[in-house]
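Working notes, beginning with the structure itself.
Derivation of every value follows stated rules applied to the coordinates shown; laboratory data play no part. Here the structure is a predicted model, which is why all the values come from computation and not from measurement. So basically every Cβ, Gly included, is an ideal-geometry build from the backbone, and we count neighbours across all protein chains shown.
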Amino acid sequence: MLLIITLASCVPRSTIIPTATIFASPTKQRTSTITPTLKPSETITAIVTETPFPPAEPFTMISKDSPNGEYVAYAYFYYGTEQQTIEIKDKIGELIWQVPYQGELPIGYDPRPTISIYRWSNDSSQLYFCYSWAPDGGNHFIPGGCSDLQTIDIRTGQIQPVLMDYANFAISPDDAQIVYLSCESQPCVIHIKNLSTGLEKTAYILSGSKNYVAIGNLEWSPIGNGIVFTTEDNTYIRQTIYLNISTMKQRVVKEYPAPEFPGWAEYEGWIDDNTLEFLQLANTGIQVIHVKITNSETIVIGTPTPRY
């Protein structure tokens, strides 16, 4: 039985009822169909108590500049009101659009996701946002998931669903495709969807005799002609697998023990469209190695640069 950890799971949120088209709250006069609709941050009123809170001040959970430098997107948490919003501002700090949390807000340690920013489109016309889930204390080689991926159009405020319910995905470097995993049945299925046409290609995850307990960490190659992802089995052995998106064929690039086990290795990322980088524990210490995706040829590069 496969235990999907964070990103490799299907994460439904019953509190969201997606629509084909919804609109963010604007700073100008415009009809909004989102419910509830919040006002801009300066007009949010704190919860009334015997000792009144000061005016709500936002805590910035994450922010991202647009590629053209014209906008900044913020994911805010408002102390005192417990509200969460996505707010898009121009380069001088004027609010353009505000997207309120969709559904019932999490309270305290309530296990609900947090509104989050995924990325800007390359042309800065769209902001992708989603609802993030923190790692649940299990295997942390896969980052916390982010489900219910949507976009907001910077010109109109129109919000469109992109990929609802699934939390393990990655958008291609050219914004044209999205890859995601579905694991409702075994083995899991990898999907590549054209974002313009909606057409999909699928393939079962390469499994063989492996008893996988975690699958995820999807990552496109620099020019978007291939994808790698990572699996881990019940003996803490990992595989980094390459998927050719033209043929949908897969091959294991490297198999290795998870960190903290003898002879461990760890996937670091793409070097170019034919090469992956890993850290690996050798007899002489930790090494940086480069591995070819086509034949697993391995070259020792040296020792890693200290990160602190």
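When N is the residue count of segment 204-261, what does its C-alpha Rg come to as a fraction of 2.2 N^0.38 Å?
Normalised by 2.2 N^0.38 Å, the Cα Rg of segment 204-261 equals 1.14.
Would you mind getting me the FRET efficiency between residue 305 and residue 248? Use the beta-carbon distance for r and R0 = 30 Å, nearest 0.05.
Working: r = 36 Å, r/R0 = 1.21.
Calculated value: 0.25.
Which links in 201/292; 193/292; 91/193; 64/201; 64/193 stretch past 28 Å when you go from one Cα to the other?
91/193; 64/201
Pulled fully out, how much extra length does the chain show between residue 297 and residue 197, if you take 0.36 nm times their separation in residues and subtract their Cα-Cα distance? Show your work: numbers first, answer last.
On the way: separation 100, 0.36 × 100 = 36.00 nm, distance 3.75 nm.
Full-extension gain reported as 32.2 nm.
Points 7 angstrom from Cα along the Cβ direction at residue 184 and residue 264: gap in nanometres?
Using points 7 Å along Cα→Cβ, the separation is 3.7 nm.
So how do 251, 155 line up by other beta-carbon neighbours within 10 Å, fewest first? Could you put the intermediate results ahead of the total?
On the way: 251 13, 155 9.
Ascending Cβ contact count within 10 Å gives the list 155, 251.
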